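**Q** Structure provided below as structure tokens; questions to follow.
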Amino acid sequence: MRKIVRFVCLSAFACATFMPAVQSQATMTLVGLVPVDNSAAPSLAGYRTYDLVVNTTSDWTAAAMLLELTQGDIFQHVNGDANGLPPIEVVISILGDESLRYDTFVTNPDGTDLGSGVGIAGGAGDVGGNGFTFSTTELDVTWFSPGSDTNDIGDSKIARITLSNDAQGTLLLAITEAGTPNLERFEITIVPEPATLGLFSLAGLAMLRRRR
């Protein structure tokens, strides 16, 4: 049985969870978008970083993600991988640029902050994608975990996503565990940071005053 779990991210520090009325018997759950402190990279002021985390009881084998923004942008580092693979520690050290650590990428947990490389299989057709896309407004990708890895068990970071504070949109995820033919499907709704919403409200008030 497929299930859809909807998460509404209210801020960089909290997510409200809405569980479906009918649960499948699968052993995978969505932990959600877990906030990551990116203050070590001052150039990312105005951006929020998350790790996309799932919890599994066995290896996950493949994942498909379609992230579409109707507002704001997805951070792409100029020295990041064009296919959305994780950066390498030695490259971060050579460049002396911590913002590369908070690039947007898909990954496979290996016990480190960045994780390890994965295989890119194309677009996220399982969740309505139209072909591999990695832009400032859309991430449409399917990737797979190479071989068996005990780091996949438990809470596993499968992607890092950095968004502008005013970002708004939807993230659809489909993922499967080894030995499980059915895809588990999840949906996350992304809304602007409260501080950004406050700015929008102030701007609206200013416009009303001008009209009066």
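The values are calculated or read from the model by the stated rules, or taken from the named source; none is laboratory data. In this text, all values refer to a predicted model and were calculated from it rather than measured experimentally. Because the Cβ atoms are built from the backbone with ideal geometry, glycine has one as well, and the counts that use them run over all protein chains shown.
**Q** Could we say that Thr70 is under 20 Å from Val36 (Cα atoms) and not hydrophobic (A, V, I, L, M, F, W, C) here?
**A** Values: under 20 Å from Val36 (Cα atoms): no; not hydrophobic (A, V, I, L, M, F, W, C): yes.
No.
**Q** Here is a further query. Check off (1) within 21 Å of Gly84 (Cα to Cα); (2) exposed (fewer than 14 other Cβ atoms within 10 Å of the Cβ); (3) modelled with pLDDT of 80 or more for Asn165 and give me the number that stays unchecked.
**A** (2)
**Q** Determine which member of the set Asp37, Asp73 is under 20 Å from Asp166 (Cα atoms), at pLDDT 50 or above, loosely packed, with under 13 Cβ neighbours inside 10 Å and out of contact with any Lys or Arg (no Cβ under 8 Å at 6 or more places or on another chain).
**A** Selected residue: Asp37, the only one of Asp37, Asp73 that is under 20 Å from Asp166 (Cα atoms), at pLDDT 50 or above, loosely packed, with under 13 Cβ neighbours inside 10 Å and out of contact with any Lys or Arg (no Cβ under 8 Å at 6 or more places or on another chain).
**Q** Identify the single condition in (1) more than 19 Å from Ser164 (Cβ to Cβ); (2) modelled with pLDDT of 95 or more that Ala62 does not satisfy, given that it satisfies every other one.
**A** All conditions are met except number (2).
**Q** Within segment 41-62, take every residue that is part of a loop (DSSP other than H, G, I, E, B) and closer than 25 Å to Ala121 by Cα and give me the one that is nearest to the chain's Cα centre (by Cα).
**A** Asp59
**Q** So how many residues does segment 100-151 have that are more than 30 Å from Pro42 (Cβ to Cβ) and either within 15 Å of the chain's Cα centre (by Cα) or surrounded by 22 or more Cβ atoms within 10 Å (Cβ to Cβ) (or both)?
**A** Looking only at that region, the number is 7.
**Q** Give just the number: which of (1) surrounded by 11 or more Cβ atoms within 10 Å (Cβ to Cβ); (2) at pLDDT 80 or above does Pro42 not satisfy?
**A** Every listed condition holds for Pro42 apart from (1).
**Q** Just to be sure before I move on: is Val78 crowded, with 17+ Cβ neighbours inside 10 Å and among the hydrophobic types (A, V, I, L, M, F, W, C) in the structure I sent?
**A** Spelling it out, it is not the case that Val78 is crowded, with 17+ Cβ neighbours inside 10 Å and among the hydrophobic types (A, V, I, L, M, F, W, C).
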